[in-house]
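All of the numbers you see were taken from the coordinates with simple rules; none came from a lab. Only a predicted model underlies this, so the values are computations on that prediction, with no experimental measurement involved. With ideal geometry, Cβ positions are generated from the backbone for all residues, glycine too; neighbour counts draw on all protein chains shown.
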Amino acid sequence: MVGNWQDGYVIEVPYTQGFYHHLSPANLLLCLLAKQVKFPPIGQPFTYCELACGHGLTTNLLAAAYPQGDFYATDFNPTHIHQARDLAAAAGLGNVTFSDQSFQEYLEADLPAFDFISLHGIYSWISPENRRVIQAFLQKYLKVGGVVYVSYNTLPGWGVLAPIQKLMHFYRGRSGGLAVERLKLALELVELLKTNQAVYLQHPWLASRLEQLKTQDVHYLVHEFFNEHWHPLYVDEVMTEMGNAKLTYVGSAHLVDHVDAFNLPPAAINHLATLSDPMLRELVRDFYLNSQFRRDVYVRGPVGMPAEAQAQILQNMAFVLTVLPSLVKLEHQTTAGQVQLQASLYQPVVEHLAQGAVTVAELVARLAPQGITLQQIGQTLIVLTGLGYAHPVVGEGGLYTERFNRVIVERAELGGELQFLASPVIGNGVKVSHLELLFLLAAQRQASPVDFVSEILARRGLQLTHEGKVLDTPEATLGFLREQAVQFAQHGQPLLQRLGI
């Protein structure tokens with residue numbers, strides 16, 4: 001970084017302990033397959049780098065899920081890296097290397113060439129100079145044929161809230177106290193303006209966005225609204241900057257974005273089909289969607305694959321359900337309105353996936369009597385994966401994931417910040433509630449789940465909530481724990497076992 005080491009970036013408050021499944025190699029390769037673009041093999045050794053990795057949970061989990069990968073990550077905040085290294089050491093991960101170097105220092109480090117480089121959220125939170133350093137890093141270290149994931153705040157979606165960010169950031173510099181306290185004061189200022197009927201605060205799109213802020217993690221809000229360099233970017237700007245590193249835009253890592261009917265009305269789909277310029281088409285699409293956040297995938301030297309090759313690769317792939325079948329919803333609210341997934345197509349696919357991992361070729365054979373084609377099954381699996389209901393199968397199991405998950409479960413006794421376990425079957429993270437982690441810990445210690453969890457809650461002075469109500473009596477707490485323990489033993493734990501956890 002230039003100047004003082006933080007370069008206007010918030011360091012007083014650590015960033016959130018998040019896992020971001022879009023960054024997984026399996027998800028990125030499914031995006032490329034959907035776009036008929038060749039991709040690096042992940043069944044053999046590969047290299048992966050995350051820039052601005054935060055606490056390193058995503059990198060650590062992926063390193064556990066892909067023991068054949070060699071993972072590198074940097075974040076200039078040493079507190080983040082201290083925690084990342086601590087988790088890696090506790091899990092015995094020998095295939096991950098963390099650094100607290102700035103982008104400029106990392107550019108000059110001794111690093112291998114990478115098959116994958118990912119940047120989550122950071123690109124629109126840093127100065128133009130640091131964005132140029134990242135472009136130089138991508139050009140220097142990304143292999144030909146390598147894949148880049150970059151997500152960022154985008155326009156026009158952030159346009160309505162950008163003046164609020166300006167006001168809150170300016171107010172931060174005029175108020176005292178810790179960052180969290182100043183954030184509270186800044187939010188109170190915005191609320192006062194709304195109460196006093198400030199004209200700008202009457203904008204019809206602002207009401208829901210401001211309500212959303214009240215429910216979001218304070219650590220995220222501090223970083224989103226108090227960073228010195230905060231620049232939502234239009235997609236054409238990012239495409240141009242990625243082009244400086246010889247990268248070509250391929251598509252979205254958010255897989256449901258690949259299905260226009262899920263996101264856009266017919267008139268918009270027809271209009272976009274007339275636009276041959278990919279940069280113009282993506283920019284216009286963002287206006288149709290009022291896009292606020294993009295998850296873009298780029299490739300250095302993309303090479304297309306014939307439709308026959310795509311079909312063959314797809315048929316050889318296996319998929320598995322990652323949630324209980326009862327949780328798969330066919331109705332979804334999207335920017336296109338209420339979308340109803342076709343029951344005659346989605347229900348039979350879900351029913352077969354619920355029985356365990358199944359190849360697409362097997363699905364085709366089983367569903368052909370119902371007139372369901374390979375193309376329909378492929379799009380169904382893309383949507384189910386994008387919605388978090390299903391996922392491609394990439395492996396079976398291993399020592400790294402076992403040790404990583406054991407550490408996460410053991411740490412649940414003292415806190416509930418880490419709520420993702422590594423699945424070697426899907427090569428991705430699986431979200432697990434704090435209560436479910438405690439049930440797993442009880443199983444590890446061969447203890448009664450209800451007694452074990454209730455003792456931990458009492459020792460830590462914690463109370464459970466159910467349907468928005470605090471369970472404030474021992475009888476209510478024990479009753480709820482018994483019910484949840486049975487549900488987890490009958491449904492949750494078998495699902496985790498199918499995912500190799």
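Summary value for region 72-202: 19 percent relative contact order, contacts being C-alpha pairs under 8 angstrom separated by 6+ residues.
Kirkwood radius for region 240-356, taken over all pairs of different Cα atoms as the inverse mean of 1/r, rounds to 17.1 Å. May I ask you to derive the relative contact order of region 318-392, considering only C-alpha pairs under 8 Å and at least 6 residues apart, and to give it as an integer percent? After rounding, I find 44 percent. Each peptide in 22-33, 318-329, 470-481 was scored by the mean count of other Cβ atoms within 10 Å over its residues; highest first, the order is 22-33, 318-329, 470-481.
Check the straight Cα-Cα distances from Lys143 and name the lysines below 29 Å, setting aside those fewer than 8 residues away within the same chain. Cα-Cα hits under 29 Å: Lys35, Lys38, Lys246.
Ordering Tyr123, Tyr171 from the fewest to the most neighbouring beta carbons within 10 Å gives Tyr171, Tyr123. By other beta-carbon atoms within 10 Å, ranking Ser454, Ser344, Ser433 with the fewest at the front produces Ser344, Ser433, Ser454.
Multiplying the residue separation of Arg445 and Lys194 by 0.36 nm and removing their Cα-Cα distance gives an extension gain of 85.1 nm. Calculated mean residue ellipticity, 222 nm, the chain: -13500 deg cm²/dmol, from DSSP H runs (n ≥ 4) at -39500 (n - 2.57) each, averaged per residue and rounded to 500. Separation of region 308-372 from region 164-225 is 42 Å, based on Cα centroids. How high is the FRET efficiency between Glu362 and Thr248 when r is their beta carbon distance and R₀ equals 45 Å, given to the nearest 0.05? E between Glu362 and Thr248, to the nearest 0.05, is 0.85. Starting from 0.36 nm per residue, how many nanometres of slack lie between Leu399 and Phe287 once their C-alpha separation is accounted for? Full-extension gain reported as 35.6 nm.
Computed packing ranks the peptides 135-141, 310-316, 71-77, 212-218 as 71-77, 135-141, 310-316, 212-218, most packed first, by mean other Cβ atoms within 10 Å.
Label zone (Gln375, point 7 Å along Cα-to-C-beta; backbone nitrogen cut-off 11 Å) within region 322-352: none. Working note: Cα atoms of region 318-392, range along each principal axis, descending, whole Å: 34, 24, 18. Between Leu478 and Ala343, the FRET efficiency estimated from the beta carbon spacing at R0 = 35 angstrom works out to 0.30.
Within the chain, the selection of entire DSSP H helices by a Cα span of 27 Å or greater along the long axis and an average Kyte-Doolittle value of at least -1.0 returns an empty list. Entry note, the chain: relative contact order of 17 percent, from Cα contacts under 8 Å with a spacing of 6+ residues. Measuring how big the chain is from its alpha-carbon positions, Rg and Dmax come out at 23.4, 70 Å.
The Rg/Rh ratio for region 421-498 is 1.00, where Rg is the radius of gyration of the alpha carbons and Rh is the Kirkwood radius. Taking 7 Å steps out from each Cα toward its Cβ at Thr335 and Gln312 produces label points 3.7 nm apart. Restricting the calculation to Cα atoms, region 75-215 yields a radius of gyration followed by a Dmax of 20.0, 58 Å. Of the peptides 332-338, 115-121, 411-417, the ranking by mean beta-carbon count within 10 Å, highest at the top, reads 115-121, 411-417, 332-338. Where both bridge residues fall in the chain, DSSP classifies roughly 55% of the beta bridges as antiparallel. When Rg and the Kirkwood Rh are both derived from Cα coordinates, the Rg/Rh ratio for region 334-486 amounts to 1.08. In this simple spin-label model, placing a label point 7 Å from the Cα along the Cα-to-Cβ direction at both Gln36 and Leu324 gives a separation of 4.2 nm.
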